[in-house]
Amino acid sequence: MNGIYLTKRMILVGLVVGWCIVIFSFSSQTSGESTTTSGGFISVICEFIVPEFSGFSGAERAEFVEDLQFIVRKSAHFTAYAILGFLSWFALYGIKNKRRFIFAVSFVLFYACTDEFHQHFVEGRSCELRDVLIDTGGGIVGALVALGLTALYFKLRQTKKP
């Protein structure tokens, strides 16, 4: 195994591990901390895309943010695991595409299960099958995007050859 191959592999695996740590840190937040994080994110976004948001009373703002929290949280699950699926796909380079896809998605499913199990022990959080399914769906999409980009790269590379 040459040094460049090993270095690339280590960097890609490091990105996967790093992203798993990011996911774990969000999952380690208590329900109150998680609500504050997502609520703050929603408030900042609403300031930009909902012109009348700044004119809402405190109670109206809180209700508006609360109504959006479920969608934002589940979208965050999907997106975080789409990134994990994407990174996992590239960390598994050198494996044929079908197996690579299966391994990447299997890893995402495994990590989603362990993450939900971990949340069971965090104050105010729960272990939900729905979140595992959302996470795995995100991982599938991320791996499919990576597969598509890989196929496009090789197709473009072949057309440039004389």
Checklist entry - Does anyone have the angle between helix 97-119 and the longest principal axis of the chain? Alpha-carbon axes, 0 to 90°, nearest 10? => result 30 degrees
Item to check | All lysines inside 24 Å of residue 161 as judged from Cα atoms, apart from same-chain residues fewer than 8 positions distant | outcome: 96
Checklist entry - Which angle between 0 and 90 degrees, to the nearest 10, do you get for helix 129-160 versus the longest principal axis of the chain when only C-alpha atoms count? => result 40 degrees
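Any idea what the relative contact order of the chain is, in percent, if you count C-alpha pairs under 8 Å spaced at least 6 apart? Display every interim value, and only then the final one.
Values: 146 pairs, mean separation 47.2, N = 162.
For the chain, the relative contact order is 29 percent.
Using the heavy atoms of the protein chains and a 1.4 angstrom probe, tell me the accessible area per residue for the chain in square angstrom.
Averaged over the residues of the chain, the accessible area is 64 Å².
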Checklist entry - Given the rule -39500 (n - 2.57) for each run of at least 4 DSSP H residues, summed and divided by the residues of the chain, what is its mean residue ellipticity at 222 nm, to the nearest 500 deg cm²/dmol? => result -29500 deg cm²/dmol
Item to check | Proximal charge balance of residue 125 [Cβ under 15 Å; K/R count +1, D/E count -1] | outcome: -4
Checklist outcome for this item: Whole-Å distance linking the alpha carbon centroid of segment 1-15 with that of segment 79-111 is 16 Å
Checklist entry - P(r) for the chain: what percent of alpha-carbon pairs falls in each 5 Å bin, starting at zero? => result 2, 9, 14, 17, 15, 13, 11, 8, 6, 4, 2, 1, 0, 0
Checklist entry - With all protein chains present, how much of the accessible area of the chain (probe radius 1.4 Å) comes from carbon and sulfur, to the nearest whole percent? => result 71 percent
Checklist entry - If we count every other residue with Cβ under 12 angstrom of residue 54's Cβ, Lys/Arg +1 and Asp/Glu -1, where does the sum land? => result -2
Checklist entry - Using modelled amide H (1.01 Å from N, peptide plane; none on Pro or chain starts), what sits under 5 Å from the amide H of residue 125, excluding residues fewer than 5 places away? => result 31
Next on the checklist: With angles folded into 0 to 90 degrees, how steeply does helix 3-27 sit against the dominant principal axis of the chain? Use alpha carbons for both and round to 10.
Outcome noted: 20 degrees
Checklist outcome for this item: Toy charge model, Lys and Arg Cβ at +1, Asp and Glu Cβ at -1: segment 26-114 dipole around Cα centroid in debye, rounded to 20, equals 980 debye
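The values are calculated or read from the model by the stated rules, or taken from the named source; none is laboratory data. This is a predicted model, so every value here is computed, not measured. Using ideal geometry, Cβ is built from the backbone for each residue, glycine included, and neighbour counts are taken over all protein chains shown. To get the accessible areas, we keep the full protein, side chains included, count just its heavy atoms, and leave off ligands, DNA and RNA. Shrake-Rupley method; radii C 1.70, N 1.55, O 1.52, S 1.80 Å.
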